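Here the structure is laid out as structure tokens; the discussion comes afterwards.
The values are calculated or read from the model by the stated rules, or taken from the named source; none is laboratory data. If you're wondering where the values come from, they're calculated on a predicted model, not measured in any experiment. Backbone-built Cβ (ideal geometry, glycine too); neighbour counts: all protein chains shown.
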Amino acid sequence: MKVLIVDDRPDTIKDIQNHCDDKNWESKLISFDNFDECLETFMPDAIVLDWKDGADGESRGEDVIDKIWSNGFKPIIIFSAIAGTIDLNDKYKASNLIQLQPKGDEQPVIDYLDKICPFVPTITKIKEDFNIALLQALNSIDMMSNLTHIPTENVMRYIFAKRVSTYYDKECVEDKPPAWIQYIYPAIFKTLCVCDLIRKIPDNKVFNTPGNPEDYYIILTPSCDIAQNKVTQILCATCCTNDKFHLITEPQTPRTENQLSKQRDKVKIFLNTGYNNNCVALPCIPNVFPGIAVNLKQLVLCPINEIALNQTQISESSTYKYYRLASIDSPFKEQIVWAHMLNACRPGMPDRDMDLWAKEMIPS
């Protein structure tokens with residue numbers, strides 16, 4: 001990993017430099033005056049940035065972040081004595097890869113660099129692949145240029161984005177991803193969508209601890225109705241424990257490996273089908289929320305104005321009762337919608353003599 005340190009006081013970042021050396025990372029310490037040239041030539045993977053330049057108190061940090069943003073975003077940790085007073089531009093607040101850390105203790109900076117290090121090769125590869133993906137996406141211009149009506153800018157953005165997404169789907173399909181790959185976490189859409197996972201706001205406003213299964217809900221109202229403001233109430237299915245999905249009870253005596261294997265094979269059939277016993281299983285995201293099931297029979301209506309799009313919208317004075325925790329990506333959300341349709345639209349049949357019918361079909 002390549003770490004660029006922008007600071008005019010080398011004595012305040014000695015431990016950070018030593019840690020980079022111990023990890024065999026390539027690090028470079030520069031002043032603000034040398035930043036422009038070094039950003040292009042050094043091509044860092046992460047940047048440790050002071051906010052003030054010199055004794056005159058001239059602020060240089062925001063100018064530097066603007067240049068990093070224009071050049072191609074990289075993880076940034078602002079290591080400054082005035083970290084607590086810095087008010088970042090809203091577009092930068094959207095990224096949790098921009099960290100603010102008061103100067104003095106270098107260990108949080110070191111911990112942050114250790115945290116992002118495993119992801120640096122993938123970030124680099126994505127940037128390399130993106131150029132190829134974009135070239136292939138733009139090949140559709142030739143077709144669109146021959147149309148009688150040229151698509152609008154938003155339509156073209158959608159077409160290009162879908163082609164880029166398809167490229168990555170094809171490139172990464174060889175590896176079998178974990179089950180939580182179905183989530184878009186944190187959520188990114190500007191409106192609520194079908195199969196968004198929402199959570200009841202904890203009374204103590206502590207969000208970094210997983211809640212009980214009954215604290216979570218899955219939205220079943222169609223996305224288009226929500227986006228077009230056609231509804232004031234959102235239809236949701238209440239979540240429950242996983243045993244409601246697989247129906248396997250805990251035995252009084254320990255299970256043998258053979259019994260466990262048979263039960264897991266049975267559960268895998270349900271998981272591949274996508275639903276069982278009016279329930280859909282949702283995998284956990286470690287340290288975010290537990291593995292749970294969605295009970296498609298237990299429905300509730302939630303006022304749309306009581307659901308926050310994200311945690312940051314919640315304040316002491318807000319009237320929100322729920323917040324969106326994650327979205328579910330295609331085609332996984334369509335699987336849930338399909339299960340909901342089968343459950344909600346199945347006609348009720350009167351009781352009949354099935355024993356006699358079965359004997360007629362399979363006589364002795």
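Observations, loosely collected:
- Residue among F189, F207 that alone is touching a Ser or Thr at 6+ places or on another chain (Cβ under 9 Å) and either farther than 23 Å from G274 by Cα or not assigned by TED's automatic domain parsing to the domain that holds P290 (or both): F189
- Failed item, numbered, when T85 is tested on (1) under 16 Å from I5 (Cα atoms); (2) exposed (fewer than 13 other Cβ atoms within 10 Å of the Cβ): (1)
- Neighbours by Cβ (under 6 Å, 6+ apart or cross-chain): first from the range 250-275, at pLDDT below 90; second in a helix (DSSP H, G or I): G274/Q335; G274/A339
- Given (1) charged (D, E, K, R); (2) surrounded by 10 or more Cβ atoms within 10 Å (Cβ to Cβ); (3) over 25 Å from P210 (Cα atoms), number of the condition R324 does not satisfy: (3)
- Between Q311, Q298, Q335, the distinction of being touching a Gly at 6+ places or on another chain (Cβ under 6 Å) and either under 20 Å from G211 (Cα atoms) or buried (at least 16 other Cβ atoms within 10 Å of the Cβ) (or both) belongs to Q335 only.
- Enumerated strands (runs of 3 or more DSSP E) restricted to the range 202-287, each holding at least 2 residues that are in contact with a Gly (Cβ under 8 Å, 6 or more places away or on another chain): 279-282
- Residue check, E316 surrounded by fewer than 17 Cβ atoms within 10 Å (Cβ to Cβ) and not in a helix (DSSP H, G or I): yes
- The condition (being free of Cβ contacts under 8 Å to residues at least 60 places away in the same chain, more than 17 Å from C117 (Cβ to Cβ), basic (K, R) and not in a loop (DSSP other than H, G, I, E, B)) is satisfied by just one residue among K28, K91: K91.
- Qualifying residue in the range 341-357 (condition: in the same structural domain as T241 (by TED's automatic domain parsing) and under 24 Å from the mean Cα position of the chain (by Cα)): no
- With respect to the conditions (1) of a type outside the set (G, A, S); (2) surrounded by fewer than 13 Cβ atoms within 10 Å (Cβ to Cβ); (3) modelled with pLDDT under 90; (4) over 16 Å from the mean Cα position of the chain (by Cα), P178 falls short on a single one, namely (4).
- Selection status of L100, modelled with pLDDT of 90 or more, surrounded by 11 or more Cβ atoms within 10 Å (Cβ to Cβ) and not in a helix (DSSP H, G or I): yes
- Qualifying residues in the range 142-168 (those that are among the hydrophobic types (A, V, I, L, M, F, W, C) and part of a helix (DSSP H, G or I)) - the one surrounded by the fewest Cβ atoms within 10 Å (Cβ to Cβ): M143
- Subset of the range 70-94 that is among the charged types (D, E, K, R) and under 25 Å from R9 (Cβ atoms) - its residue that is modelled with the lowest pLDDT: D87
- Residue check: N212 meets all listed conditions (1) within 20 Å of the chain's Cα centre (by Cα); (2) assigned by TED's automatic domain parsing to the domain that holds N295 but one, namely (1).
- If you check L271, L260, L282, L299 for being under 19 Å from I226 (Cβ atoms) and assigned by TED's automatic domain parsing to the domain that holds N208, only one passes: L299.
- Candidates A339, A326 - the one that is closer than 25 Å to F189 by Cβ, modelled with pLDDT of 90 or more, outside any loop (DSSP other than H, G, I, E, B) and touching a Pro at 6+ places or on another chain (Cβ under 8 Å): A326
- Residue pairs whose Cβ atoms lie under 8 Å apart, separated by 6 or more positions or on different chains, with the first residue in the range 138-160 and in contact (Cβ under 8 Å) with a residue 24 or more places away in the chain and the second outside any helix (DSSP H, G or I), are F160/S140.
- Hey, Y112 under 18 Å from L97 (Cα atoms) and part of a helix (DSSP H, G or I) or not: yes
- Residue selected from the range 119-137 under the condition of a type in the set (D, E, K, R) and either in contact with a Lys or Arg (Cβ under 7 Å, 6 or more places away or on another chain) or without any contact (Cβ under 8 Å) to a residue 40 or more places away in the chain (or both), by the criterion farthest from V3 (Cα to Cα): E128
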